[in-house]
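Written out below as structure tokens is the structure these notes cover.
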There are 2 protein chains.
Amino acid sequence: MTYCLALRLEDGLVFLSDTRTNAGVDNVSTYRKLHVLRPGPDRLFVIQSAGSLATTQQVLDQLALELSSGEPTPLRDARALHEVALHIGQLSLAVADEHRTALQAVGADPTASLIVGGQIGDETPDVLLVYPEGNYIRASDEKPFLQIGESKYGKHQLDIAVHPSVDLETATKIALSSMLSTARANLSVGPPYDLALYRPGAFDVDEARIDEHSPYLGEILEVWHRIVLEAIAELPPVPPHTFND
Amino acid sequence: MTYCLALRLEDGLVFLSDTRTNAGVDNVSTYRKLHVLRPGPDRLFVIQSAGSLATTQQVLDQLALELSSGEPTPLRDARALHEVALHIGQLSLAVADEHRTALQAVGADPTASLIVGGQIGDETPDVLLVYPEGNYIRASDEKPFLQIGESKYGKHQLDIAVHPSVDLETATKIALSSMLSTARANLSVGPPYDLALYRPGAFDVDEARIDEHSPYLGEILEVWHRIVLEAIAELPPVPPHTFND
């Protein structure tokens, strides 16, 4: 499994992905699931992936080929981010279809879910979730985040804390707390974690990899566990009159 | 959907269930999913249910019939809680089998998952999760809680905070925070919430229903949201040197 999330805020975009992949419990590896494409000076795309690793890699290889060859590609030519999302969605669907029969014969799923975010020219930066079927949805002001993969364990703090006006530093903390909740609850999600921050008009990202043994990861885990316990202690007890004796 | 959880602690047992049921989004109702059976002075059982409401009700009706008739039943005769769990599991499986063909024809699932907890005589109080197939697992000292239904959204605080030595008041707060996280993230889980506390040797429970519009529910929701936000703010930011420029 996998957990990737993307936040769309007034100050910019936050992307966070884990790196754990597994094909059965005895085949666990670390693969990057957050990829940055810079097809030109007026555009930058971040792609996050969940689902079939093979499908994802074939899609990314195809996109790299489009960029390295001189041929026309929506990556370079699209005037809007949703055109890029549709192009990547069509690629993802085609790759999954190509391998569907062989994979389904062994009970495997060829599909991938993707998040495509970034900016083209003067457009407002945005994030889109591309379904395995090739269509997409956007984040909204009411729900300014998207998740793919193991999305339930870390959804609560996103529901409570993410608003479009949250600053990038706070948004990063929210995203990390969501990731920690998920990784603690589900073995198929784990460090290192890849973080990318995008500011409007930058056409570049600040990237960080938070390693499993980094002092910072140890610190946020310790602080997070301590304050969750404190938060629970602070809850008021059930009033005695609520009990029927 | 549904969310029920049960905690097994040195001080006793905590049971918490939501009450929302739905058969499609336009058929939403409130039903009790936490039931207390008192078959004799030396035994008390709490049953929590998730899955098919019809199956659950038929199982409970059958158990009530066993108790009201004079006939032998493991509810009265069992010497150990797991015998009661197996009996209820066999009933649940039989009821599901009875309706399986008709329900599967319309794409519905006849199965139910159950938590059976309580105490018989001098046994240590315990909680068991009864699968739709009729078998069961126990809670353990390493994982002293069981969940049925929509179990992912509220698992994180259980992972962090539940230990066998937690007192009943704190355990109740942990359970409520887990319920609030779940209900916020998933519309199919909602108030009122039924709470039952069991102390070893009591052979009776303290029961409370926390209503949707109760001041207490409003208070814990307000406190919980505030302290989750404070907790996130307290997390250390990503150190600048972590970013590769």
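The values are calculated or read from the model by the stated rules, or taken from the named source; none is laboratory data. Since this is a predicted model, take the numbers as computed values, not measurements. Methodologically, a virtual Cβ is constructed for each residue, glycine included, from the backbone with ideal geometry; neighbour enumeration extends over all protein chains shown.
Structure values in brief
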quantity	calculated
Qualifying residue in region A:232-241 (condition: more than 8 Å from chain B (Cβ to nearest Cβ), surrounded by fewer than 21 Cβ atoms within 10 Å (Cβ to Cβ) and either under 28 Å from residue A:56 (Cα atoms) or at pLDDT 95 or above (or both))	no
Criterion violated by residue A:244 - all others in (1) over 21 Å from residue A:127 (Cα atoms); (2) out of contact with any Asp or Glu (no Cβ under 7 Å at 6 or more places or on another chain) satisfied	(2)
Subset of region B:217-231 that is facing chain A (nearest Cβ under 9 Å) and among the acidic types (Asp, Glu) - its residue that is nearest to residue B:167 (Cα to Cα)	B:219
Residue within region B:32-46 that is buried (at least 16 other Cβ atoms within 10 Å of the Cβ) and among the small types (Gly, Ala, Ser) present	no
Region A:231-245, residues that are part of a loop (DSSP other than H, G, I, E, B) and more than 30 Å from residue B:233 (Cα to Cα)	A:245
Among the candidates B:84, B:127, B:116, B:95, residue that is more than 20 Å from residue B:22 (Cβ to Cβ), in contact with a Ser or Thr (Cβ under 6 Å, 6 or more places away or on another chain) and among the β-branched types (Val, Ile, Thr)	B:95
Residue count, region A:201-242 (criterion: touching a strand residue (DSSP E or B) at 6+ places or on another chain (Cβ under 8 Å), touching a residue at least 40 places away in the same chain (Cβ under 8 Å) and under 18 Å from residue B:243 (Cβ atoms))	5
Given (1) touching a Pro at 6+ places or on another chain (Cβ under 6 Å); (2) crowded, with 22+ Cβ neighbours inside 10 Å, number of the condition residue B:59 does not satisfy	(1)
Filtered residue count, region A:122-155, keeping only those that are surrounded by fewer than 20 Cβ atoms within 10 Å (Cβ to Cβ) and of a type in the set (Gly, Ala, Ser)	2
Evaluation of residue A:177 against (1) surrounded by fewer than 19 Cβ atoms within 10 Å (Cβ to Cβ); (2) within 12 Å of chain B (Cβ to nearest Cβ); (3) more than 24 Å from residue A:56 (Cα to Cα) (one fails), failing number	(1)
Selection count, region A:184-227, where residues are modelled with pLDDT under 90 and within 18 Å of residue A:8 (Cα to Cα)	0
Within region A:161-174, tally of residues that are buried (at least 23 other Cβ atoms within 10 Å of the Cβ) and away from chain B (no Cβ under 11 Å)	0
Scope region A:181-194; condition within 22 Å of residue A:206 (Cβ to Cβ) and surrounded by fewer than 24 Cβ atoms within 10 Å (Cβ to Cβ); matching residues	A:191, A:192, A:194
Residue ranges of strands (runs of 3 or more DSSP E) in region A:110-191 with at least 1 members on the phi > 0 side of the Ramachandran plot, in contact with a Pro (Cβ under 8 Å, 6 or more places away or on another chain) and in contact (Cβ under 8 Å) with a residue 40 or more places away in the chain	A:112-120
Single unsatisfied condition, residue A:158 versus (1) more than 10 Å from chain B (Cβ to nearest Cβ); (2) surrounded by 19 or more Cβ atoms within 10 Å (Cβ to Cβ); (3) in contact with a Leu (Cβ under 8 Å, 6 or more places away or on another chain); (4) not β-branched (Val, Ile, Thr)	(1)
Residue match in region A:197-216 (condition: facing chain B (nearest Cβ under 7 Å) and surrounded by fewer than 17 Cβ atoms within 10 Å (Cβ to Cβ))	no
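Here's the yes/no breakdown for (1) part of a helix (DSSP H, G or I); (2) touching a residue at least 24 places away in the same chain (Cβ under 8 Å):
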| residue | (1), (2) |
| --- | --- |
| A:36 | no, yes |
| A:50 | no, yes |
| A:56 | yes, yes |
| A:62 | yes, yes |
| A:65 | yes, no |
| A:72 | no, no |
| A:85 | yes, yes |
| A:92 | yes, yes |
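Let's see how each residue does on (1) modelled with pLDDT of 95 or more; (2) over 26 Å from residue B:14 (Cβ atoms); (3) of a type in the set (S, T, N, Q); (4) surrounded by fewer than 17 Cβ atoms within 10 Å (Cβ to Cβ):
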{"position": "B:67", "(1), (2), (3), (4)": "yes, no, no, yes"}
{"position": "B:71", "(1), (2), (3), (4)": "no, yes, no, yes"}
{"position": "B:74", "(1), (2), (3), (4)": "yes, no, no, no"}
{"position": "B:77", "(1), (2), (3), (4)": "yes, yes, no, yes"}
{"position": "B:84", "(1), (2), (3), (4)": "yes, no, no, no"}
{"position": "B:88", "(1), (2), (3), (4)": "yes, no, no, no"}
{"position": "B:94", "(1), (2), (3), (4)": "yes, yes, no, yes"}
{"position": "B:111", "(1), (2), (3), (4)": "yes, no, yes, no"}
{"position": "B:119", "(1), (2), (3), (4)": "yes, no, yes, no"}
